[in-house]
Every structure is written in C-alpha cells, then in structure tokens.
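Since the structure comes first, as structure tokens, the remarks are kept for the end.
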Amino acid sequence: MGNHSADIIIIGGGAAGLMAGAGAAGRYAENGIDGKVIILEKMSRPGRKIMITGKGRCNFTNVKAWNEFSSHIHPKPNFLKHSFYNLTSEGMISFLESNGMESVVERGDRAFPASHLASDVVDTLVRAAEQAGAELCCNKEVSLCISESSDDTETLFRIRCKDGSQYSCRKLIICTGGMSYPKTGSTGDGYRWAGAMGHSVRPLFPSLTAIVPRGYKEDVQNAPDSKGHIHRSTPLTETGSSLCGNQLKNVGLSLYIDGNMVQDEFGDLDFTDGGIEGPIGFKVSRRCVNAVINGSKASISIDLKPAVETEDLTVRITTLWNEISKDKKNAAKAYKDRFRILLAKVLPMSLIPAFLKLNPNIDHKSLAKSLKDWKFEISGYVGYERSVITAGGVSLDEITAKTMESKLIPGLYFAGEVLDLDADTGGYNLQTAFSTGYLAGISAAK
C-alpha cells in the first residue's frame with residue numbers, strides 16, 4: 001500500500017470532513033499554492049450519516065439569525081460564534097447552490113435540498129471538495145494516529161490504516177464524528193486519538209434520543225454500566241404498544257429532575273417503538289439522559305391542552321359531561337361507558353386506552369387536571385444505536401475558536417461532532433459541523 005504524504009490530512013468524510021476538504025483545498029487554490037489535501041474515510045462511501053438525516057430528506061441547516069440560532073447550541077454556544085460568522089447558514093446555502101444544489105426553506109426556518117433527497121447534499125459536498133482539489137480516499141479505516149515533534153518545532157503526524165497504507169502530514173484535521181449510529185462509521189475513534197495526544201474528552205452521552213417511560217418496555221436487567229440505557233430493540237409492553245404510533249400536536253412537555261422542573265417546551269411529540277421522541281421529546285432528552293446517567297430521578301409531564309387553563313378546562317369538561325348525562329341515548333349506559341364518550345371529545349381515539357390504563361382512578365371531575373398534567377416517570381433512554389447526536393467530546397477549552405486548532409499540539413485541528421459541541425434538532429447540528437469543518441480547513445491551509 002506504500003507511504004503517502006500530504007500537506008493536510010482530514011480523517012472523516014462526513015459533513016465536517018468534506019467541508020474541511022473543500023475549505024483547505026479551495027484556500028490553497030486561491031493562493032496559488034500547490035498543496036495536497038487528502039480526506040480519509042473508513043466507509044465505502046462518504047457522508048453515510050448525512051444520508052439518514054431528516055429521515056432521508058436532510059434538513060441541512062437553519063436560517064435563524066445568530067442570536068436565536070445560538071440558543072440551540074450546547075454547552076458553550078459562544079465557541080461556535082466565529083465559525084458561524086465565517087460560514088453562516090445563508091453562506092452554506094449559497095455554497096451548495098454554487099456547486100449545483102438548489103435549496104428550499106420550510107417551517108421552522110429549516111433548509112432542505114429542493115429534491116428532498118439527502119443524497120443530493122452528499123453528492124454536492126463531495127463534488128465541492130474534489131473540484132477544489134481535495135483527494136477523497138474511501139475504505140481507509142485509520143488504526144493508528146500519532147503526533148511527533150520534529151527538530152524544527154513542527155509537528156509531524158503519522159497515520160496507519162487497517163489495509164496497511166501509511167500517511168504523514170504537518171496539518172491534521174480530525175472530523176470523525178461521535179458515537180451515534182455506529183453503522184454509519186461513528187465509533188468514537190477521534191476521542192481515543194485526542195486522548196492519546198493529551199486532550200481532555202468531556203463525558204460522552206447520547207442526545208436527541210428516545211426517552212423511555214417506566215412500564216413502556218418489557219423489564220430487562222440492564223448491565224451494571226448501562227446507567228439507564230435501554231436498547232431500542234427491547235420489546236414494548238402492552239402499555240408501550242398502545243401508546244406507540246400516537247403523534248401529539250401542539251402539546252406542552254415539562255422535564256423534572258429530582259422533583260424540580262428544569263425545562264418546559266411546546267410543540268409536537270411522538271410515541272415510538274423507542275419511547276418518547278418528536279421535536280420536543282428530543283429537546284428535553286439531553287438534560288434527561290444526562291440526569292439519568294448521573295443517578296438523578298427524571299420524570300416528565302405532558303400538557304395535552306396547553307392553550308386552556310385548568311379552571312377553564314374544568315368548566316368545559318363539566319359542561320360536556322352534563323350534556324352527555326342528559327342525553328336520553330346514554331340514560332341506560334354505565335358510568336365507564338359515558339366517561340369514554342367524554343374522553344372521545346377531548347382526546348384522540350387511539351390515545352384513550354393508554355390514557356385510561358395509566359390513569360386508573362380518573363373520573364370526570366379529575367379529568368381536566370390529568371389532561372393538563374399527564375405524568376410519566378422515566379426509566380431510561382435509547383443509546384447510541386439510534387441517538388441522533390453524541391453530547392460531550394474534545395474539550396473546547398483546549399481548542400482555539402478562531403481557527404479550530406488545538407492549543408496543545410500545533411497543526412492539529414478538530415471539527416464537527418467530535419468536539420464537545422452539540423445542538424437541538426432542526427438543522428443546527430449539521431450547520432455546526434459545516435461551519436467548524438470549513439474554518440478548520442481554511443485555517444490549516446493558511
């Protein structure tokens with residue numbers, strides 16, 4: 001396989017890596033420098049995780065202005081500020097359009113390829129990187145990545161791949177992603193290399209994932225180190241099956257940690273084969289998972305009628321109940337049958353069996369309170385096998401925000417999900433990867 005050398009090597013051909021390649025090779029070309037940029041991708045095709053983003057439609061960015069955009073970034077949004085202004089959401093849309101891909105902006109300021117095909121995003125990123133002059137090498141799984149200090153104070157990076165090929169470079173950009181969806185190639189390699197080279201790695205945990213209510217999945221004996229991890233393939237209970245498939249629109253969701261409300265969201269929520277998901281389910285998952293891992297008790301409350309105060313809802317339900325009770329057709333019906341008629345007027349039919357099962361002592365007098373405060377204890381969460389993103393990562397304290405370069409090792413750069421930087425669902429994570437990747441690329445090529 002031989003030895004290969006390059007000016008810049010990028011490990012990882014995902015969102016951050018492809019943008020780093022386009023940025024680095026493009027900067028060399030602009031300055032008339034004959035620099036060699038190589039992207040090493042372990043999978044047979046680049047951008048595997050991009051392909052499954054947004055259920056294959058790929059919500060690749062969000063066009064909110066920085067002040068609002070930044071409120072969706074964790075844990076230190078200001079770290080991203082320089083990268084974001086260097087390549088804004090509009091800048092990313094223009095970049096893709098200049099390389100042949102049209103975009104559309106939909107509800108929630110979310111941008112998609114006009115075709116709604118994630119493959120168009122991947123193809124455009126690959127085309128941009130290769131036309132700029134970067135060389136993309138697939139099926140190159142890196143097994144060793146080390147840094148050596150040379151006599152001239154420059155760092156030399158040595159890389160060995162599982163196929164026996166070896167590479168060396170003076171500038172190295174690590175864009176290996178996180179731990180989520182390992183089948184796409186994200187298996188945490190970058191964290192190990194960063195740690196071996198002296199970097200601190202903040203504790204990792206899955207985010208934008210399903211949180212699992214108590215009694216939703218069949219009882220399983222979790223491994224001692226699972227800390228609440230319940231594999232997505234764990235079978236549903238009867239209760240879980242009756243909830244699964246229900247999609248709730250415009251509801252409230254409150255997260256409680258050790259009895260204290262820490263987060264309150266409004267929007268859409270889905271009950272799935274994993275647990276509670278959907279936009280607001282994902283939004284509270286970061287804090288919820290972190291709390292469960294750290295041994296705290298987590299619970300949620302769903303407000304099924306957030307537009308109505310409890311008192312007004314009570315009056316409305318009393319009126320409905322009186323109408324049902326006075327109706328001659330219902331005169332001979334048992335209480336539970338009349339109560340089901342009432343439930344059908346305030347709940348989707350598919351939700352009633354589970355609602356009754358989880359609220360066994362409910363009657364028409366307590367219904368309003370239960371609709372406003374449907375409580376679930378959380379027993380665990382779905383792990384990296386189906387989490388959208390990995391929270392935690394290479395410590396931001398050890399990275400220069402204006403360049404993405406390591407403060408510990410000159411010539412070493414990090415970008416994308418490998419950093420301790422993650423975001424809410426809605427295009428924010430991919431934009432973070434694009435912005436940090438592009439900045440790392442142009443900085444390394446200076």
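The values are calculated or read from the model by the stated rules, or taken from the named source; none is laboratory data. From a predicted model like this one, the values you see are computed outputs, not experimental measurements. Glycine also receives a Cβ, built like all others from the backbone with ideal geometry; neighbour counts cover every protein chain displayed. When the accessible area is computed, the model is the full protein with side chains, heavy atoms only, and any ligands, DNA or RNA have been set aside. Shrake-Rupley method; radii C 1.70, N 1.55, O 1.52, S 1.80 Å.
Structure notes:
- Full-stretch length increase - ILE146, GLU323 - with 0.36 nm per residue and alpha-carbon distance subtracted: 56.1 nm
- When the chain is treated as a GNM with alpha-carbon contacts under 10 Å, the residue of ILE39, ILE302, ILE352 showing the greatest mean-square fluctuation is ILE352.
- Percent carbon-and-sulfur accessible area, segment 299-340, ignoring ligands, DNA and RNA, probe 1.4 Å: 51
- Principal-axis analysis of the Cα atoms of the chain puts helix 89-98 at an angle of about 60° to the longest axis.
- Mean ellipticity per residue at 222 nm, deg cm²/dmol - from DSSP H runs of n ≥ 4 across the chain, formula -39500 (n - 2.57): -10000 deg cm²/dmol
- Neighbours of THR237, meaning other residues whose beta-carbon lies under 9 angstrom from its beta-carbon, give a summed charge of -2 when Lys and Arg score +1 and Asp and Glu score -1.
- Of all the options ARG48, ARG160, ARG286, the one that moves most in a Gaussian network model of the chain with Cα springs shorter than 10 angstrom is ARG160.
- With protein chains left intact and a 1.4 Å probe, residues in the chain average 44 Å² of accessible area per residue.
- Cβ crowding within 10 Å averaged over residues, with 88-95, 102-109, 56-63, 11-18 ranked highest first: 11-18, 56-63, 88-95, 102-109
- Option label - Rg and Dmax of the Cα atoms in Å computed here, alternatives [x] 25.4, 96; [y] 53.5, 225; [z] 21.1, 71: [x]
- A full extension of the chain between CYS138 and SER70 corresponds to an added length of 21.1 nm, given 0.36 nm per residue minus the alpha carbon distance.
- Of the beta bridges in segment 1-157, as assigned by DSSP with both residues counted there, near 55 percent are antiparallel.
- Local electrostatic count at LYS407 - Lys and Arg +1, Asp and Glu -1, tallied over other residues with Cβ under 13 Å: -2
- Label sites at ASN78 and SER370, each approximated as a point 7 angstrom past Cα along Cα to Cβ, lie 4.9 nm apart.
- Linear extension gain, HIS231 paired with ARG340, 0.36 nm per residue minus alpha-carbon span: 35.8 nm
- Protein accessible area in segment 388-427, 1.4 Å probe - carbon and sulfur %: 52
- In straight-distance terms, cross-link reach from LYS42 covers every one of the lysines whose alpha-carbon lies under 20 Å from its own, apart from those fewer than eight places away in the same chain; here that gives LYS140, LYS162, LYS171, LYS183.
- Highest-MSF residue in the chain out of LYS162, LYS402, LYS140 [GNM, Cα springs under 10 Å]: LYS162
- Sites THR403 and ASP258 - FRET efficiency at Förster radius 45 Å, r taken between beta-carbons, to 0.05: 0.65
- Table column - 3J(HN,Hα) (Hz), segment 45-53, Karplus curve with 6.51, -1.76, 1.60, x for Gly and Pro: 9, x, x, 4, 6, 4, 4, 9, 5
- In the chain, the DSSP beta bridges split such that about 75 percent are antiparallel, to the nearest 5.
- Unit charges on C-beta of K, R, D, E only; dipole of the chain, Debye: 1440
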